[in-house]
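Read-outs throughout are calculated quantities, based only on the coordinates presented, and are distinct from any laboratory measurement. Bear in mind that the values here come from a model prediction, so they are computed numbers and not experimental data. So basically every Cβ, Gly included, is an ideal-geometry build from the backbone, and we count neighbours across all protein chains shown.
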Amino acid sequence: MRFTEQNQYTYPSAVVLQVFSDPDYFLEKYRRAGASQIEVLEDVQGDNTSRITVSRHVDVDVPIPAFARKHVPHQITVVQSDNWNRDTGTGHLEISFKGMPAEVYCAMKISEAGAHCVLDLAFTVRVNIPFVGVKLAEVLARDLREKFEKDSAAAQQAMDLIAQRYL
């Protein structure tokens, strides 16, 4: 299952990329979004690259169809790695779900939009369960989209707080 999303930030891309390379941004964003047991598992900084991996517990917010109930708990441990190249403004994220044979890959690109910037995201959701994998991917994609909409406000607030370090 594939879908796209877009976020806009009121900062230049150079500042946003610095924030996306700061583990405090993820801790703040996920705290504001209502996640629990948030933990930075990895923080690797190169000259112009970063990789930050965060684990968190999140509730599944969409109704789960009967066929998927045994595969999708009401609360999921999400492990997400965000990878960025600050020179090119490109990155990708990888999401895995503990106890679920599902994964999400997302290509990311930041571009300037006047004094602001735009983050384009292209998601691919895969579920490795015979017969119901495609339908379960649709359920997870719907939950990801709803979380994306809810998390956008938390992400913007966290961005405003952490961006001050890089202005």
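On a full-extension model of 0.36 nm per residue, what is the gain between Ser96 and Glu42, subtracting their alpha-carbon distance, rounded to one decimal in nm?
Contour length minus Cα-Cα distance gives 18.0 nm.
Net charge near Gln8, counting Lys/Arg +1 and Asp/Glu -1 over other residues with Cβ under 12 Å of its Cβ?
Values: positive: none; negative: Glu5, Glu112, Asp120.
Its environment carries a net charge of -3.
So, counting K/R as plus one and D/E as minus one, what does the shell of residues with Cβ under 9 Å around Gln18 add up to? If you can, show how the numbers build up before the last one.
Values: positive: Arg86, Arg165; negative: Asp22.
Charge balance in the 9 Å sphere: +1.
I'd like to compare 36-47, 18-29: which one has the highest average count of other Cβ atoms within 10 Å, and what's the full order after that?
Highest to lowest by the protection proxy: 18-29, 36-47.
Can you tell me the length gained on complete extension of the stretch Leu161 to Arg32, counting 0.36 nm per residue apart and subtracting the Cα distance?
Extending this stretch completely gives an extra 45.3 nm.
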